[in-house]
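Written below as structure tokens is the structure these notes are about.
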Amino acid sequence: MMNETTITHALESAFPGASIDIQLDGSHCQITVVSEIFEGLRPVARQQKVYAPLNEFIRSGELHAVNIIAKTP
């Protein structure tokens, strides 16, 4: 079963030091990541960076709908 901790760990390894907030409702997920890594990136590139560590969960169907807010501090 997918949980916030699993998603948080996956994102923390990709975005060390970032502020990460996860709201999970079944297979639907709202993710907010605030990181300096996003500096200078367009919104689509920011979302791609957040999707990358989650691809395994999305492919398996554990996460179905993911809404991402990715911004700089």
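Restricting the search to segment 1-20, which residues are surrounded by 14 or more Cβ atoms within 10 Å (Cβ to Cβ), in contact (Cβ under 8 Å) with a residue 12 or more places away in the chain and not polar (S, T, N, Q)?
Scanning segment 1-20 gives Met2, Glu4, Ile7, Ala10, Leu11, Ala14, Phe15, Ala18, Ile20.
Of all residues in segment 31-46, how many are more than 12 Å from Leu11 (Cα to Cα) and under 12 Å from the mean Cα position of the chain (by Cα)?
Result for segment 31-46: 1.
Bear in mind that the values in this text are calculations on the coordinates, not laboratory data. Remember, it's a predicted structure, so these values are computed and weren't measured experimentally. Backbone-built Cβ (ideal geometry, glycine too); neighbour counts: all protein chains shown.
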